[in-house]
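Read the structure below first, then the notes.
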Amino acid sequence: MTSKTPLNILHLEDNPIDAELVKETLAFGGINCVVNHVDNHEDFIFALEETEYDLILADFSLPSFDGLTALKLVKERGIKAPFIFISAVLGEDLAIETLKSGATDYVIKSRLERLVPSVERALREKEERLQRQKLEREIVELEQEIKELDVAYQEVAKRVRGFLKMALPS
């Protein structure tokens, strides 16, 4: 998945080696991106406030912060970017909890080959959601136009009926 404009990705990860590995995995997989790596709560908040991101990646467990709290902060701010957990330890129960909480997906660090397909799917779903929202707005606008045209038609029909009832001069 290559694009002219690089994706802007926020990556919350406390291990610099894992952060670099994720960045290399994305590049090797053809994801054209700029990754902003942060490793704590304060920097994460600052990054969210300063920049609009296309995608957010987060470790589940950090020393002073956790991924579920990060996801909650993203949701509270109304940020619509896909959110993918990347974690070494994420059992099935926690994985389900992350998805129920609004995460787009999760990838186990030992299976990083899943990262690029997960990112591609998340971005595709985001684009489809935006397209669906646009079409829904257009439908509402068209329905409003139909109502307005119906009112105008009724008024014209009333005038035509009135005109036809008038006695024509002889």
From the options 164, 94, residue that is under 30 Å from residue 12 (Cβ atoms) and part of a helix (DSSP H, G or I)
94
Just checking, how many residues over region 22-44 are assigned to a helix (DSSP H, G or I), open to solvent by 30 Å² or more (accessible area, probe 1.4 Å) and farther than 17 Å from residue 116 by Cβ?
3
Can you tell me which residue among 95, 122 is open to solvent by less than 70 Å² (accessible area, probe 1.4 Å) and either acidic (Asp, Glu) or in contact (Cβ under 8 Å) with a residue 12 or more places away in the chain (or both)?
122
Which listed residue, of 59, 18, is touching an Asp or Glu at 6+ places or on another chain (Cβ under 9 Å), closer than 16 Å to residue 118 by Cα and not aliphatic (A, V, I, L, M)
59
Test: residue in region 66-76 that is touching a residue at least 24 places away in the same chain (Cβ under 8 Å), part of a loop (DSSP other than H, G, I, E, B) and under 21 Å from the mean Cα position of the chain (by Cα)
no
Test result for residue 19, within 17 Å of the chain's Cα centre (by Cα), modelled with pLDDT of 90 or more and either of a type in the set (A, V, I, L, M, F, W, C) or open to solvent by 40 Å² or more (accessible area, probe 1.4 Å) (or both)
no
If only one of 79, 84 is surrounded by 10 or more Cβ atoms within 10 Å (Cβ to Cβ) and in a loop (DSSP other than H, G, I, E, B), which one is it?
79
Please determine, by comparing only the residues of region 157-170 that are among the aliphatic types (A, V, I, L, M) and surrounded by fewer than 10 Cβ atoms within 10 Å (Cβ to Cβ), which one is nearest to residue 82 (Cα to Cα).
164
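The values are calculated or read from the model by the stated rules, or taken from the named source; none is laboratory data. Everything numeric in this text was worked out from a predicted model, so none of it was measured. For neighbour counting, all protein chains shown are included, and Cβ atoms are generated from backbone atoms with ideal geometry for every residue, glycine included. For the accessible areas, the whole protein counts, side chains as well, though only heavy atoms, and no ligand, DNA or RNA atoms are used. Shrake-Rupley method; radii C 1.70, N 1.55, O 1.52, S 1.80 Å.
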